[in-house]
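One structure below.
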Protein chains: 2
Amino acid sequence: MCSENPGYNTLLNYTFLLFIIQQIGLVKVQSVWPLPQTCITSTERYQLKPQTFSFGYRGQLTEQHSCSVLDAAFKRYFSILFPDYPSGNDTLQFTENEVFTLTISLDHHDCEGYPNQDSSERYKLNVFAGRASLNAETVWGALRGLESFSQLVYQDDVGSYYINKTYIEDFPQFKYRGILLDTSRHYLPVPAILKTLDAMAYSKFNVFHWHIVDDPSFPYQSHTFPELSSKGAFHPVTHIYTQSDVRRVISHARMRGIRVLPEFDSPGHTKSWGKGQPELLTPCYRGGNPSGAFGPVNPTLSSTYQFMAALFKEVATVFPDSYIHLGGDEVDFSCWYVSNPYVRAFMQKMGFGLDFSKLEAFYIEKILNITLALRKTSIVWQDVFDYHERRKSLSVVEVWKQGCYLCEVRRVVKAGLRVILASPWYLDQPGPTHNWARYYNVWPLAFKGSEKQKQLVIGGEVCLWGEYVDATNLSPRLWPRASAAAERLWSNEKQTSSVDRAFPRLQEFRCKLLRRGIQVEPLYVGYCKHEYQSV
Amino acid sequence: MCSENPGYNTLLNYTFLLFIIQQIGLVKVQSVWPLPQTCITSTERYQLKPQTFSFGYRGQLTEQHSCSVLDAAFKRYFSILFPDYPSGNDTLQFTENEVFTLTISLDHHDCEGYPNQDSSERYKLNVFAGRASLNAETVWGALRGLESFSQLVYQDDVGSYYINKTYIEDFPQFKYRGILLDTSRHYLPVPAILKTLDAMAYSKFNVFHWHIVDDPSFPYQSHTFPELSSKGAFHPVTHIYTQSDVRRVISHARMRGIRVLPEFDSPGHTKSWGKGQPELLTPCYRGGNPSGAFGPVNPTLSSTYQFMAALFKEVATVFPDSYIHLGGDEVDFSCWYVSNPYVRAFMQKMGFGLDFSKLEAFYIEKILNITLALRKTSIVWQDVFDYHERRKSLSVVEVWKQGCYLCEVRRVVKAGLRVILASPWYLDQPGPTHNWARYYNVWPLAFKGSEKQKQLVIGGEVCLWGEYVDATNLSPRLWPRASAAAERLWSNEKQTSSVDRAFPRLQEFRCKLLRRGIQVEPLYVGYCKHEYQSV
C-alpha cells in the first residue's frame, strides 16, 4: 500500500474495500520506497502510453524553457517508466484525451547549482483526472518526486501501463542520507561508482561519501601533487581517478541530487600518501635509529601543514560541496610513542607530556583551520571528538564505533555539535539478507535529549568499507540492505516501525531495482516477474 | 610456486636460487590451483605466440583426426591462453622454430561418452625444449591437463606470453568433487548455470549436483508430467527448465568433464510437486477433517509409487549420469503423526506402531527399488542412513549436518557405504571472504578407520542453497571460497596444509578467474592487473 499513515482513520472502510479488491486481483496498488510522509491512493486508475506520455514545465520553468537537471531526468525516467518501449520509431496515433502529462513546477529555479546540506527535498505529487502535477521547492525535490512517480506506474498482465489516482506530500526525516564507498582498499572502476549513484537515487540517498584514499592506495590524481597517485595508487594509470573521472562522478551525482563528500583521512590511514610525498609520514625508530617503517602524518614539521594546505586547497576546488571529511580515526600512537626522538622533543617543547592525544589534537586543529579558511564545513570521525579538548573547533561528528552508539550521539549533541550516525549501518560485513531488518530497526533519535539536541542529528550513513568489497560484489552486498537504511532515514518512524509490513514492500521495491538493472540480492525465497533481463 | 612437494629435497638449493631470482623479478613462476600432485618447474622459459601456437593430436587421436570434446576445449583454451589476441585476422609471419605445439595423447579414446564416477582424471604434462606434451588415460584427464597448462602461461610486462619448463604428474585425491546449486528457492537462468560450470572446470570440480526442485518451485519441465512445472514453477514459461535447457546444461558440463547429478528430493521438500500432481502429497488433518494443508509425499498410496516410477524413468533417461540423488532429508512427521486417519490405519496394518521413521524407511525403500531397476546408483542425505534399518539397500550417503560430521562419516563407512561430505562446505552462508581458510582446513579423512574404510569417502561437495542466493549474487558468494574446497578435494593434503602458503596462490588464481570473466569476490585488500575488463 502507498499509505500507512495512521492519521487516515476515516479511510479505514475504504482501505478495507481496497484490500478486498486487491485480493481479487482487480487493482494493483504500487508502493513507494522509502515510504512518503503522506500518501493517499485510490482504485481509480489512468492508462499511460509511451507514445502519448509527456513531461511538461509550469510556472517559471515554462519561461526558461529548460532546466538541464530535469531535462536529463525526463530522459532517464521515460525509460524507467516504459521499460518495454522499443527504442525504434513508432507511428504516433492517438487522440487528445489519451495524452498523459506530468507537469512540474519549482518554487525556486536553481537548475544550475549543486545540492547542499540545506537543500529542500520536499515535493507534492498529485495524480488525478488523467494527468499529474509535481511541485517542489527546488529541482532536487522535483527529482525525489519523479522517483516516487516512477514507482507508482505499473503494468497489467498484458503489459499496459497504469497509474492510480494518488496524492503525495513528502519530505525527508533526515537531511543527510549517505553511502560511503572505499576506493583505497580496492579500486572501484568509475562505472561501478556511477551505477551505485543510480541505485542511491532510487532509494533517495543524497550523499556519496567518497573515502577516496587510505593506507593501501592513493587513487586520486592530484594536479598539485601528481606523485601521490603515480607512486601511491595500485597502478599509476589503470587504478587512478583522473580529474576528469572525478568531474564525471560529481556531475553524475549532481544530476541525481546527490552530493559528493570527499574524505582525505589523516593523520592515520595515510601509508599510501608517504610513497609520493616522502617527508610526510613520521619515521618510526627502533633502538635509536629509523626502522624504515612509517607512522601517521608527521605533526611536528611545518612542511606537513604547507603540504596539507596546498592539497586541501585543491580538493576544496575540485569538490564543490561545502562539506569535507577530514577523517581523524584510528591513529596509531606506537610510532610516535615508541621512540622517534624528534617527536618526543616536540612533545616536550609543546608541554604535551606523554599525552599523544594532545599531539593528535594539535594536528587536527591545524587541519581544521586550513579547511575553515577554505570555507568548508568539516566532518570528523568520532575519535576526534573523543580526544579533542577544544570541541568548539568541530562542526560535524560521524559516529561509527559499535557498542552504545546512541550514548555517543547524545554526548556529541550535548556538546552542541551536529551528528551523522554510521555505527548501525556497516554493511561491508556480509550477513544473510534477512538481517536487513537489523538495519531497518535502527532509530537514531532514541536517546534522551531536547528537541533542539535531536535536530543536531542531521542524518545517517551506510558504510561499505573495502577490505572484502570490490566491483565483483559491491552491488549485492549493498542492496537491498542499504534500502532498509534509506527508509529509516527518509520516512516517518511511526509509519515504518513494522518489519512485517515493510517486508512485502521491500520485496516489490527489490523487483523494481532488478528491472532497472541493479544487481540486488534476494531477501528470501521467491522470484520477480522481470528478474534477469538487465542484470 | 608450482611445486611444494616435500619429496624434492634435492631441489632445495635450486629452489632457493629460484626464490632469489623471483625476488629480483627476473622470473615469474606461475602456480596451478588446485596444486598438482607433482609439479617441478624451472627458470627456463619459452615464448608462446598466438600466431604460431597450436594444439596437436598424437597416437590414436591422430588417426581419428578428431575428438569433439578436445576440439571444443582447444577453442576455449586458445582464448584463455591469449586474452589479448584480437579476434580479427592476423598476417602469419613466423619461422619454424617459433612454433609452439601442445600435443595430446590419450590411452583410451572415449570422446563420445560422458564422464562418470570411475573416470580417470590422471594426466602428465611436460613442457620442455619449446614444446609441450600432455598425456592422459581419458579425455577427461586431458581436460584437467589443459586447465593446468593454461594456468602456467603468463605475460611479461610488455604483454608477451611465456611458459616455463615444467613437469606435472597429477590426479585427484577424491573422485567426487561437487557443487550443489538450488534452482527451486530461486530460479537460476541457464546462462548463470553455464557460467558456474565454466568456473567449476577452472577449479577442477567434476560434479554439478542439480538440486532442481524443492518446496518453493518445480522448474523442471517433465514431458511425462507437464503440469508439475506448469503449475509448480514460479512461472510456467519464464521460470522453467525445458528439456532443451537441460540438454544444454548436460552438454556444456560434459564438454568440461563435469557430471550432472539430478536430485529429485522426496518425500519431504515436495510442496511444489503437489500443485501439478494433486493426489501426491499427504493431506494434513485437523479435528478429524482435512485442514487444506499438505505434508510429505503420501507413502500409503500405490498411485504414489506408480507416479514416482514414471517420473524417475523419465529422469533416468534425461540425465545420463549413473548416479541419481534421492534426497530424503528433513521429513516433517507432524502431518503424518497428528491425525491423518489413512496414514494411521496404514501404520497399524504394516505394524509400524507409532514409529514414523519406519514409514519413511518404507517409502525410501520403494524409491530405492525403483532407481535400482533403472540401474542407477542412488545417493541419499544422511537422514536416510540415520533412520533406515535396512542399510544394505543404500549405496552412497551424503553427510550434511553440522556438529561432529566426521563421526557421521565414520558411522557410514563402518556400515560399508560410500560417503560424500558436504557439512563443512555450506557456502550459502555468507561470511567475510577471509573465512576461505575455514573451507581449506577441512580434512575429510581425519577420522579413525581402516584404509579400506577411508577409500569409501569418495569426495566432497560445496552446497550453495538458494534461500538467499540467486543470479544476482551467486558468483561472488561461491567464488573464491569454493576454490578453497576444490584444492582440498583435488590436492595432496600434506602439500597443502598451510593456509599462509596457499593465500598468495589463491590470490593469483582469483586474478586469473577474474580475467576469465568470473565474478570472484576479493580475498582481501589489493588488486589484480586485469580486473574489470570482463566482469
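The values are calculated or read from the model by the stated rules, or taken from the named source; none is laboratory data. Quantities reported herein were computed from a predicted structural model and do not represent experimental measurements. All Cβ positions, even for glycine, are placed from backbone atoms using ideal geometry, and neighbour counts span all protein chains on display. All accessible areas refer to the heavy atoms of the entire protein, side chains included, with ligands and DNA or RNA removed. Shrake-Rupley method; radii C 1.70, N 1.55, O 1.52, S 1.80 Å.
Kindly indicate whether any position in the stretch A:303-321 is at pLDDT below 95, over 30 Å from residue A:251 (Cα atoms) and either surrounded by 15 or more Cβ atoms within 10 Å (Cβ to Cβ) or of a type in the set (A, V, I, L, M, F, W, C) (or both).
Initial filter on the stretch A:303-321 (at pLDDT below 95): none.
Among the residues of the stretch A:303-321, not one is at pLDDT below 95, over 30 Å from residue A:251 (Cα atoms) and either surrounded by 15 or more Cβ atoms within 10 Å (Cβ to Cβ) or of a type in the set (A, V, I, L, M, F, W, C) (or both), which makes the answer no.
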Exercise. Among (1) more than 10 Å from chain B (Cβ to nearest Cβ); (2) surrounded by 23 or more Cβ atoms within 10 Å (Cβ to Cβ); (3) among the β-branched types (Val, Ile, Thr), which single condition is residue A:442 missing?
Worked result: (2)
Exercise. In the stretch A:130-148, which residues are in a loop (DSSP other than H, G, I, E, B) and touching a residue at least 60 places away in the same chain (Cβ under 8 Å)?
Worked result: A:130
Exercise. Going by the conditions given, is residue A:119 under 25 Å from residue A:253 (Cβ atoms), of a type in the set (Ser, Thr, Tyr) and at pLDDT 95 or above?
Worked result: yes
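If you go through the stretch B:268-315 one residue at a time, how many are part of a loop (DSSP other than H, G, I, E, B) and of a type in the set (S, T, N, Q)? Spell out how you get there, then give the answer.
So in the stretch B:268-315, the residues part of a loop (DSSP other than H, G, I, E, B) come out as B:268-270, B:277-280, B:287-288, B:298-301.
Filter again for of a type in the set (S, T, N, Q), leaving B:270, B:277, B:298, B:300.
Of the residues in that region, 4 qualify.
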Exercise. Mind checking which residues of the stretch A:396-434 are within 14 Å of chain B (Cβ to nearest Cβ) and outside any loop (DSSP other than H, G, I, E, B)?
Worked result: A:426, A:433, A:434
For this session: Keeping to the stretch A:477-515, report how many residues are within 13 Å of chain B (Cβ to nearest Cβ) and surrounded by fewer than 20 Cβ atoms within 10 Å (Cβ to Cβ).
Result: 3
Exercise. Which ones in the stretch B:38-78 are in a loop (DSSP other than H, G, I, E, B) and in contact with an Asp or Glu (Cβ under 8 Å, 6 or more places away or on another chain)?
Worked result: B:49, B:50, B:51, B:52
Exercise. Can we say residue A:162 is of a type in the set (Ser, Thr, Tyr) and away from every other protein chain (no Cβ under 14 Å)?
Worked result: yes
For this session: Among residues belonging to the stretch B:206-222 that are in a loop (DSSP other than H, G, I, E, B) and away from chain A (no Cβ under 14 Å), point out the one that is most open to solvent (accessible area, probe 1.4 Å).
Result: B:221
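Please go through the stretch B:327-372 and give me each residue that is among the hydroxyl-bearing types (Ser, Thr, Tyr) and part of a helix (DSSP H, G or I), ordered by number. Steps first, answer last, please.
First pass over the stretch B:327-372, keeping only residues among the hydroxyl-bearing types (Ser, Thr, Tyr): B:334, B:337, B:339, B:342, B:357, B:363, B:371.
Within the stretch B:327-372, B:334, B:337, B:342, B:357, B:363, B:371 qualify.
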Exercise. Which of the residues that make up the stretch B:445-476 are open to solvent by less than 20 Å² (accessible area, probe 1.4 Å), farther than 17 Å from residue B:177 by Cα and among the acidic types (Asp, Glu)?
Worked result: B:470
Exercise. Which of (1) away from chain B (no Cβ under 14 Å); (2) in contact with a Gly (Cβ under 7 Å, 6 or more places away or on another chain); (3) open to solvent by less than 40 Å² (accessible area, probe 1.4 Å); (4) outside any strand (DSSP E or B) does residue A:380 not meet, given it meets every other one?
Worked result: (4)
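Inspect all residues belonging to the stretch B:464-475 and state whether any of them is part of a helix (DSSP H, G or I) and within 14 Å of chain A (Cβ to nearest Cβ).
Looking only at the stretch B:464-475, we keep the residues that are part of a helix (DSSP H, G or I), and these are B:474-475.
Adding the requirement that they be within 14 Å of chain A (Cβ to nearest Cβ) leaves B:474-475.
So far as the stretch B:464-475 goes, yes, one or more of its residues are part of a helix (DSSP H, G or I) and within 14 Å of chain A (Cβ to nearest Cβ).
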For this session: Determine if the stretch B:490-508 includes at least one residue that is in a helix (DSSP H, G or I), over 15 Å from the mean Cα position of the chain (by Cα), under 19 Å from residue B:202 (Cα atoms) and aromatic (Phe, Trp, Tyr).
Result: yes
For this session: Determine if the stretch A:443-457 includes at least one residue that is closer than 28 Å to residue B:521 by Cβ, in contact (Cβ under 8 Å) with a residue 12 or more places away in the chain, part of a helix (DSSP H, G or I) and assigned by the TED database to the domain that holds residue A:200.
Result: no
For this session: Starting from residues that are within 16 Å of residue B:278 (Cα to Cα) and open to solvent by 10 Å² or more (accessible area, probe 1.4 Å), keep the ones in the stretch B:223-250 and report whichever is nearest to the other protein chains (Cβ to nearest Cβ).
Result: B:233
For this session: Could you give me the residue pairs with C-beta distances under 9 Å whose first residue belongs to the stretch A:340-353 and is at positive phi, whose second residue is surrounded by 10 or more Cβ atoms within 10 Å (Cβ to Cβ) wherever it lies, and which are 6+ apart or on separate chains?
Result: A:351/A:358; A:353/A:347
Exercise. So which residues in the stretch A:516-529 are open to solvent by 30 Å² or more (accessible area, probe 1.4 Å) and either touching a residue at least 12 places away in the same chain (Cβ under 8 Å) or of a type in the set (Ser, Thr, Tyr) (or both), if there are any at all?
Worked result: A:516, A:519, A:524, A:527, A:529
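Hey, among B:445, B:421, B:417, B:406, which residue is within 23 Å of residue B:466 (Cβ to Cβ) and under 22 Å from the mean Cα position of the chain (by Cα)?
Values: B:445 fails: within 23 Å of residue B:466 (Cβ to Cβ); B:417 fails: within 23 Å of residue B:466 (Cβ to Cβ); B:406 fails: within 23 Å of residue B:466 (Cβ to Cβ).
After applying the criteria, what remains is B:421.
Does residue B:423 satisfy being at pLDDT 95 or above, among the polar types (S, T, N, Q), open to solvent by less than 20 Å² (accessible area, probe 1.4 Å) and in the same structural domain as residue B:405 (by the TED database)? Spell out how you get there, then give the answer.
Values: at pLDDT 95 or above: yes; among the polar types (S, T, N, Q): yes; open to solvent by less than 20 Å² (accessible area, probe 1.4 Å): yes; in the same structural domain as residue B:405 (by the TED database): yes.
Yes; evaluated as a whole, the condition is true for this residue.
In the stretch A:167-205, what count of residues is obtained for those that are in a loop (DSSP other than H, G, I, E, B), more than 12 Å from every other protein chain (Cβ to nearest Cβ) and open to solvent by less than 10 Å² (accessible area, probe 1.4 Å)? Give the derivation first.
Looking only at the stretch A:167-205, we keep the residues that are in a loop (DSSP other than H, G, I, E, B), and these are A:171-175, A:183-189, A:203-205.
If we keep only those that are more than 12 Å from every other protein chain (Cβ to nearest Cβ) too, we end up with A:171-175, A:203-205.
The next check asks that each one be open to solvent by less than 10 Å² (accessible area, probe 1.4 Å); those that pass are A:174, A:203-205.
Final tally of qualifying residues: 4.
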